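Trainee: Take this structure, written in structure tokens, and hold onto it; I'll ask about it next.
Since every read-out is calculated from the coordinates, none of them should be taken as a lab result. Just so you know, these numbers come straight off a predicted model, no measurement behind them. Reconstructed Cβ throughout: ideal geometry from the backbone, glycine too, with neighbour counts over all protein chains shown.
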Amino acid sequence: MAAFLVPIHIIIFGFAVPLGWISDSGMLYHNWLIKIYLFVLITLPLYHWAHRFYFALNDMKLGFPRKPVAALCYGGAVVGTLATLWVLLSL
């Protein structure tokens, strides 16, 4: 999902707004659809990272206990999700 959304986000906020193709008055972030878009854009890659990092550590057979490593990886994604939710709801 992020592979589709990040390029669009870069085009809009990296080129269209700075070049004046789209005006951004700051009111864009008060729209609930934009907040849902940003939530998906930020949180899905966190879980993707957690999953890939957890299994990369397991595949390297470094001797880490599985449950604490899984708790750290996926717990980090949950903390990032909650932080994202808090920031977007406070906008």
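Trainee: Match the structure shown to one of the listed values (1) 1.12; (2) 1.20; (3) 0.98 of Rg/Rh (Cα atoms, Kirkwood Rh), computed from it, and give that label.
Mentor: (1)
Trainee: Mean residue ellipticity at 222 nm from the helices of the chain, using -39,500 (n - 2.57) per DSSP H segment of n ≥ 4 over the full residue count, to the nearest 500 deg cm²/dmol?
Mentor: Details: 3 runs with 63 residues, N = 91.
Estimated from H runs of four or more residues: -24000 deg cm²/dmol.
Trainee: Given a Förster radius of 25 Å and the C-beta distance between LEU33 and ALA71 as r, what FRET efficiency does 1/(1 + (r/R0)^6) yield to the nearest 0.05? Let's see the in-between values first.
Mentor: Values: r = 34 Å, r/R0 = 1.34.
Once the sixth-power term is evaluated, E becomes 0.15.
Trainee: Among ASP24, ASP59, which comes first, then next, by fewest other beta-carbon atoms within 10 Å? Please report the intermediate quantities before stating the final value.
Mentor: Numbers: ASP24 13, ASP59 8.
If I rank by nearby Cβ atoms, fewest first, I get ASP59, ASP24.
Trainee: Another question about this same structure. From the phi angles alone, apply the Karplus equation (6.51, -1.76, 1.60; θ = phi - 60°) to region 22-28 and give each ³J(HN,Hα) in whole Hz, x where the residue is Gly or Pro.
Mentor: Karplus values, whole Hz, x for Gly and Pro: 10, 8, 10, 9, x, 7, 4.
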